[in-house]
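Worksheet for the structure shown next.
Every number in this text was worked out from the coordinates using simple rules, so none of it is lab data. On a predicted model such as this, the values are computed, not experimentally measured, just so you know. Ideal geometry is used to build each Cβ from the backbone, glycine not excepted, and the neighbour counts take in all protein chains shown.
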Amino acid sequence: MEIIPPKIDYEGAWDSYAQQWQKTNSELAHLGDEWIGKAAGAANSLAEYEALIEQQFIAPYIKPEHTVLEIGIGGGKTGSLLLKYCDRLICADISSQMLQAARSRLGDDRVSYVKLNGLTLDGIAPESADVCFCYDTMVHVEPVDIFNYLTRIPKLLRGDRICVFHHGNILSELGWHKFASEWDKNLLGSRDGTAFSVMTDTIMEKFLNHLNYEIILKNTSSVPRDCVWICKAPSY
């Protein structure tokens, strides 16, 4: 009998999350507003967290002429911030339910939407974006899947080729606390797609250097549980 190995169902998990969100967060304006960065040690309110993201990771790097590709658009929280600075936004996500939520928030003016399959980025045209922004997404993605995306991003970029990558870091105090609180729920290679991955800043640095990304900034203080990188993708 063929043994089928466990598979992380990112798509099904986030579709389900989006469908359940309205029942549990009806007091919030938008899907994603429940993530305020408190557990990551970054902020104590939605406004404070959005201000941190905007001031530290968007405003210094996004130019008015930029087209930004956001991988893992979710409900469009960071997308709404990006649109204040960029010319166009490409919203990509593995979850059709999340894309629907983002569209409801962001509309179609200066915005396009791409459904991903989790393995490739083929729905995005080569050299179609100046910036790749991936925030509050890689915290849920396994290291090997992060590496896969990193191999595919460069061919999609042009111009400044700036990348903003945010991921979890279990070597931090808060990151280790998160890992220790849920490791026993994710055994034998099986876990829910919304769980946190076992990722570190050291692994990400190895990935980026191996793939010839130019590291501009490594930030482990603004979001103490995690790590945020500003880098430049290699020419394809």
> How big is the chain on each of its three principal axes, counting only the C-alpha atoms and giving the largest first in Å?
Replying inline: 50, 44, 41
> Sorting 109, 192 on the 10 Å Cβ count, fewest up front, what's the list?
Replying inline: 109, 192
> By the scheme Lys and Arg +1, Asp and Glu -1, what is the net charge of all other residues having a beta-carbon under 13 Å from that of residue 106?
Replying inline: +2
>> Name the residue from 180, 154, 144 whose Cα lies farthest towards the positive end of the charge dipole of the stretch 138-180, charges +1 on Cβ of Lys and Arg and -1 on Cβ of Asp and Glu.
In response: 154
> How much length is gained on full extension from residue 29 to residue 220, taking 0.36 nm per residue of separation minus their Cα-Cα distance?
Replying inline: 65.8 nm
> Placing +1 at every Lys and Arg Cβ and -1 at every Asp and Glu Cβ, with all other atoms neutral, what dipole size does the stretch 1-145 have around its Cα centre, in debye to the nearest 20?
Replying inline: 280
>> Under 5 Å between amide hydrogens, which residues at least 5 positions from residue 113 or on another chain qualify, with H placed 1.01 Å from N in the peptide plane?
In response: 91
> Over the stretch 164-232, with a single point scatterer placed on each C-alpha, what log10 of the ratio I(q)/I(0) does the Debye formula yield at q = 0.15, 0.19 1/Å?
Replying inline: -0.52, -0.77
> How many nm separate the modelled label positions at residue 65 and residue 19, each set 7 Å beyond the Cα in the direction of the Cβ?
Replying inline: 4.6
> Whole number please: convex hull volume per residue of the Cα set in the stretch 15-89, in Å³?
Replying inline: 101
> With each label point set 7 Å from Cα along the Cα-Cβ vector, what nm distance links residue 108 and residue 48?
Replying inline: 4.0
> What is the distance, in nm, between label points placed 7 Å from the Cα along the Cα-to-Cβ direction at residue 87 and at residue 205?
Replying inline: 3.6
> Relative contact order for the stretch 32-232: what is it in percent, counting Cα pairs under 8 Å that are at least 6 residues apart?
Replying inline: 19
>> At 222 nm, what value in deg cm²/dmol follows for the chain if DSSP H runs of at least 4 each add -39500 (n - 2.57) and the sum is divided by all its residues, to the nearest 500?
In response: -8500 deg cm²/dmol
> Counting DSSP beta bridges with both partners in the stretch 92-236, what percentage is antiparallel, nearest 5?
Replying inline: 65
> Farthest toward the dipole's positive end in the chain, which of 209, 236, 120, given Cβ charges of +1 (Lys, Arg) and -1 (Asp, Glu) about the Cα centre?
Replying inline: 236
> Can you give the charge dipole size of the stretch 73-176 about its Cα centre, rounded to the nearest 20 debye, using +1 on the beta carbon of Lys and Arg and -1 on the beta carbon of Asp and Glu?
Replying inline: 260
